[in-house]
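Below: one structure, written as structure tokens.
The values are calculated or read from the model by the stated rules, or taken from the named source; none is laboratory data. Since the structure is predicted, the reported quantities are computational estimates derived from the model, not experimental observations. All Cβ positions, even for glycine, are placed from backbone atoms using ideal geometry, and neighbour counts span all protein chains on display. For accessibility, only protein heavy atoms count, side chains too; no ligands or nucleic acids. Shrake-Rupley method; radii C 1.70, N 1.55, O 1.52, S 1.80 Å.
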Amino acid sequence: PSLEKNAHVIVFLPSVSTDDFRQKRKTHYYEKSTRFPVLYLLHGSTGGCMSWCLKTGIERYAQDKGIAVVMPSGENSFYLDMAHGEKYLTYIGKELPEFMRTMFPLSEKREETYIAGLSMGGYGAYRAGLEFPETFGYVASLSGSLDLCLLLGSDKARAGMESDSYMRAVFKDVTQISGCRDDLIALLKLQMAEKIDLPQMYMNCGTQDAIFPANESFYQTAAALGAEIKYERFPGEHNWDFWDEHIKDVLNWLP
């Protein structure tokens, strides 16, 4: 309903392995009481619900961790309720978790509901996590567009972003983001002032990435506000080699 159209979602559920079956090991996967911890995993700009499956080993990694993964398509919306378009923030943060829980054996516990994403999806994960902290207990970003104000002012960083006309469709006025809820620093500051119980937060980025400065500035500003964020820097660029390797760090960080 929030998008007013059909939406594509890829869902991975942990399952009995070949070795489990052959060795007749007892597993809990199909017991009626099973409710899997779940990671909502967001793609980047120009991606789709298949991106993580096609480009990484996320299914193997999630199987080893014993968690479900829900991978929606967010188009190029920045996962926001667009100024001129669909309501992706409402969809990702509220409607999708509610619907997925009716379809699959997913945990309804906040501490077992996670959201993460890469690049644009890193921004989307933090935006949804901060906007719906009652739903998500953990939020993570890989090479995220976290300091959006800095990115929009950098020609180099903006090279991989959408056209100006599309950005206006998403944000209405890109010059007016600073200080509003679409500015993650402003939203974080607001939620902290309201003493909201924020999700646990994690971020990583490649040191050769064009948006590395936007990750550094976001972390430093957030830390100065008193926010607790685990931040890891690794050699690497803005590509799938980096994200395939370091989604494992996100999974290892999760409880």
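Any residue that is out of contact with any helix residue (DSSP H, G or I) (no Cβ under 7 Å at 6 or more places or on another chain), closer than 17 Å to Gly124 by Cα and part of a strand (DSSP E or B) - is there at least one of those in region 238-247?
Scanning region 238-247, I find no residue that is out of contact with any helix residue (DSSP H, G or I) (no Cβ under 7 Å at 6 or more places or on another chain), closer than 17 Å to Gly124 by Cα and part of a strand (DSSP E or B), so the answer is no.
Looking at (1) modelled with pLDDT under 95; (2) under 15 Å from Ala7 (Cα atoms), find the lone condition where Met50 falls short.
The one condition Met50 does not meet is (1).
Give me a count of the residues in region 1-27 that are open to solvent by 90 Å² or more (accessible area, probe 1.4 Å) and over 30 Å from Leu89 (Cβ atoms).
Residues meeting the conditions: 7.
I'm told Gln200 meets every condition in (1) without any contact (Cβ under 8 Å) to a residue 40 or more places away in the chain; (2) among the polar types (S, T, N, Q); (3) within 28 Å of Gly66 (Cβ to Cβ) except one. Can you identify the failing condition by its number?
Tallying (1) without any contact (Cβ under 8 Å) to a residue 40 or more places away in the chain; (2) among the polar types (S, T, N, Q); (3) within 28 Å of Gly66 (Cβ to Cβ), Gln200 fails exactly one: (1).
Among helices (runs of 4 or more DSSP H) lying entirely in region 40-157, which contain 2 or more residues that are within 21 Å of Leu254 (Cβ to Cβ) and in contact with an Asp or Glu (Cβ under 7 Å, 6 or more places away or on another chain)?
In region 40-157, the matching helices (runs of 4 or more DSSP H) lie at 51-55.
Here are some residues: Thr221, Thr175. Which one is open to solvent by less than 70 Å² (accessible area, probe 1.4 Å) and of a type outside the set (A, V, I, L, M)?
Every option except Thr221 fails the conditions.
Residues of region 221-237 being outside any helix (DSSP H, G or I) and either in contact with a Leu (Cβ under 8 Å, 6 or more places away or on another chain) or of a type in the set (Val, Ile, Thr) (or both), which ones?
Residues satisfying the conditions are Ala227, Ile229.
Looking for whichever is at pLDDT 95 or above, touching a Gly at 6+ places or on another chain (Cβ under 6 Å) and under 22 Å from Met201 (Cα atoms) here; the options are Leu89, Leu42. Which one fits?
Only one candidate passes the filter, namely Leu42.
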